[in-house]
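The structure under discussion appears below in the form of C-alpha cells.
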Amino acid sequence: MSTSPIALESIQRCLEGVIPSPLATCSADGVPNITYMSVVRYVDAERVALSRQFFRKTAANVDENPVAQVLVVDPDTLDQYALDLRYLHTETEGPIFDSMRANLDAVASHTGVGRDVFRLRGVDVHRVVACRRVGRDPDPGRRRDHALDPLRALDDFARRVGESDDYDAVAHAALQALEDVFGWPHAILLGAAAGAERLFGVASNGYPGSSAGAEVTLGEGMIGLAAQRRRLICVSNLARSRVMGSAVQERAGRAAGDAGAPREIPLPGLDRPQSAAAVPLVVHGELVGVLYLESDRPGAFGPHNERLLRIVGGHVAAVLAGLAHGHDTADAPAADPAPAPRPGDALEVTYYQADDSVFAGGDYVIKGVPGRILWKLLREHAADGRTAFTNRELRLDEGLGLPAGNDNLEARLVALRRRLAAGDFGIALERVARGRMALRVQQPLALSEVPTSGPMRAAHRR
Amino acid sequence: MSPLEQPATIGLDVVARLGAGVAVVVATPDLELRPTLARAWHPRIDADGGRVTLCVEAPAGSPMRANLERRCALAATFVRPTTYRSVQVKGTVRDVCPSTAEERRAVADHNAIFVDEVIEVGVPARVADRFLDDRELLTVTVDVREMYDQTPGPAAGGRL
C-alpha cells in the first residue's frame, strides 16, 4: 500500500467505466454496505460523479453518513486506487447527468433491456478527500502503449480528408484515415437528412459486409441515441454491459429484442465488440450523420478520447456538409457512353409504393428515398434508354420528396451506389463527374409497380 | 471440491452457487464510520453455516487491518464476473489471524479461476493476475447476520 497522495487527474483512465468499481458506504449505526458502480466519472480535479441506479441502501447510507470509499482500477495496468469520498449533492439534470444518462440508455438499448430498468435516477457528486494507490506496486514492464500525439494525428487526418472533392471519396478517405491515423479499424458512416426518422448506412471500413442501405431508427441503439440527442456516446466495456444486461434481463423477466423486420439490411458489426463510440455529425446545429466506431479492445473509447472524437466528427461533418452544397452541375447530362444492355431475359424489377422498396430479380435492393431515386432512374431508362443523370435534376424533382435544406442527396447516392455494387443485381450507378452519374444495366428491364392504398398513397399521386 | 461448494444451513449456499471464480470485496468501517475496501480471496462457508472465512488483503498499517483487529462489522460481496450474479453478506468479524501457507496456495488457486473469468469480460490477459496482492493476507472469519441479492436490476438489494 502506498500512502502517497495521487492527483485525481493523473488516474482518469481509471474513471472510464472499463472495470466496475466497488463503492463502500456505512450506515449511522456502523454497518457497511458495498455496491458496484458501472461508472465513476471524473468531474474535475476534486470531484467525481457516481450514477444512482439500483442502490437504495447506498443512497440511504450516504444521506445519514456522507462518507464513502470507491476502489478504481486502471484498465491497462490494473493498478488500483482507493478514493475517500464525501458526498456533496445529487444532480438530476445538467451536462453530467445528461452524459451519464445517454451512456446508460445506450447500454440498455445495446443489451435489449428497457431503459426503465437501467433508468438513471440521479448523479451523486462527491468530493475526493484522498486518493491513494492500493494493491500491488506498479509494474514498470507493463506500462501502457505510447500515447497518441493528438495534434499530429488530427493534422494527418484533416489533410487526408481534405484531399478529396466528392462525398464517396471523402467517406472512404475518412474511414481509412481513422484506421491508419488513430488505429480505429472498424467504422461505419451513416447519413441523415432533415426531418428523417432514420439514418442510413453510407460506407464502412473493417467489415466483410457492406453498410450501404442499412437503416437505423432515431433513438434506437447507440447510433440512434447519439443522433437523436446530438450527443457523443461511448461505451467502454460492452462485454461487461452485455453480461450486466443479461443479468438484469433475467431478473426483470424480459425477452430479448425483436428479431427485426423484413426488408432490412443489417449494419455490419463485430461479433463481440468490447467498446464502441457513436459520434453525431452536426453542422450549424443540423444532424448530417453519425460516425460509429467499435473495437475488439475494452476501453478503446471513453472519456480519454471524447474530445478527440468530437473534433474528428466535427471535421468530417463540416467537410461532408460542404460537399453537399454548390456542386450540382447545371449542364445538360453528358453524352451517354453506356453500351446497350445485352439481349436476353429481362431483369424483373418491382417497386412497392408502400415503403418505396425496390426488388430486382426477387432480391431486396433498397427502400426509402434511395428506393425512390432508383425507381426514377430505372423508369426513365426503360422509357427512352436514358442512362445519364445529374444530382441537380434529382434535387429538383419534387416527386422524390427530398427534404428542403439538408437533403443529404450525395450520401444517399453513395449508399445507393454501394448497395448496388455489393448486391450484384445487374444494375450499377457510376459517378462520372461531379454531380453526374450513369446508370448501367446488364439486361433489359421489366418494371412493375405495386400501388398502395395505405398512408403513402397520397405521396404517389403525381 | 471448491471451498464454496460446502453446504450451509442458513442459506449461504447461495454464495457457493455463484461459482469458484467469484470476485470478493470486503468493507469495514473505522471508529468514525468511514468505510474502507479491500479485496478478499478463498472464501469458505463453515460447516455449521452462519460463518464465512476469507483471506483479506490487509497490509500492516492499513485501515482495513486496524478495523479487522478490533472485530468490527464487515460487509462482503461475492460477484461472478461472467454472470454479474452477486450476493452480499453482512456480519461481525469473529476471528483474525495471518493466513497459512496452505491458505495462500488456495488463494492462488482461486485467483487462477478468477483470472479466467475476468479475461472473458474484457480484462487484458497480460495483466489479469494483478488484481491479487497476496503480500499480507489475514484470514478473517465472519459471523453472518444478513444476506442480500445484489444482482443488478429492480430486485437488487432484496434480502435473501
Report summary line: Just one listed residue, out of B:L74, B:L68, is of a type outside the set (G, A, S), in contact with a Gly (Cβ under 8 Å, 6 or more places away or on another chain) and modelled with pLDDT of 95 or more, and it is B:L74
Query raised in the report: Is it true that A:D137 is surrounded by fewer than 19 Cβ atoms within 10 Å (Cβ to Cβ) and modelled with pLDDT of 80 or more?
Result: yes
Report summary line: Selection from the range A:370-412 of residues at pLDDT 85 or above, within 24 Å of A:A318 (Cα to Cα) and within 29 Å of the chain's Cα centre (by Cα) yields A:P370, A:N391, A:L394, A:R395, A:L409, A:E410, A:A411, A:R412
Report task. Mind counting the residues in the range A:424-441 that are of a type in the set (A, V, I, L, M) and in contact (Cβ under 8 Å) with a residue 60 or more places away in the chain? Result -> 6
Query raised in the report: Counting only residues that are in a loop (DSSP other than H, G, I, E, B) and not acidic (D, E), how many does the range A:415-439 have?
Result: 4
Requested in this report: Among the candidates A:V18, A:V39, single out the residue that is in contact with a Gly (Cβ under 6 Å, 6 or more places away or on another chain), on the phi < 0 side of the Ramachandran plot and facing chain B (nearest Cβ under 8 Å).
Outcome: A:V18
Query raised in the report: Among A:V235, A:V202, which is the only one that is under 20 Å from A:H315 (Cα atoms) and crowded, with 20+ Cβ neighbours inside 10 Å?
Result: A:V202
Query raised in the report: How about the range A:193-250: which of its residues are polar (S, T, N, Q) and within 26 Å of A:D166 (Cα to Cα)?
Result: A:S204, A:N205, A:S210, A:S211
Query raised in the report: Going through the range A:358-367 one residue at a time, which ones are of a type outside the set (D, E, K, R) and surrounded by fewer than 20 Cβ atoms within 10 Å (Cβ to Cβ)?
Result: A:G361, A:G362, A:Y364
Query raised in the report: How many residues, within the range B:101-160, are surrounded by 14 or more Cβ atoms within 10 Å (Cβ to Cβ), within 13 Å of chain A (Cβ to nearest Cβ) and among the basic types (K, R)?
Result: 1
Query - Flag for B:L54 being touching a residue at least 40 places away in the same chain (Cβ under 8 Å), within 13 Å of the chain's Cα centre (by Cα) and either part of a strand (DSSP E or B) or more than 22 Å from A:E64 (Cβ to Cβ) (or both) - result: yes
Query raised in the report: Which residues, counting only those in the range A:10-63, are within 13 Å of A:V123 (Cβ to Cβ), outside any strand (DSSP E or B) and at pLDDT 95 or above?
Result: none
Query - Candidates B:R65, B:R85, B:R71 - the one that is closer than 14 Å to B:V140 by Cβ, crowded, with 17+ Cβ neighbours inside 10 Å and touching a residue at least 24 places away in the same chain (Cβ under 8 Å) - result: B:R65
Query raised in the report: Can you spot a residue in the range B:97-109 that is modelled with pLDDT of 95 or more and assigned to a loop (DSSP other than H, G, I, E, B)?
Result: yes
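Residues checked against (1) surrounded by 21 or more Cβ atoms within 10 Å (Cβ to Cβ); (2) in contact (Cβ under 8 Å) with a residue 24 or more places away in the chain:
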site: A:C14; (1), (2): yes, yes
site: A:S21; (1), (2): yes, yes
site: A:T35; (1), (2): yes, no
site: A:Q80; (1), (2): yes, yes
site: A:P95; (1), (2): no, no
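The values are calculated or read from the model by the stated rules, or taken from the named source; none is laboratory data. Here the structure is a predicted model, which is why all the values come from computation and not from measurement. Please note: Cβ atoms are built from the backbone with ideal geometry, for glycine as well, and neighbour counts cover all protein chains shown.
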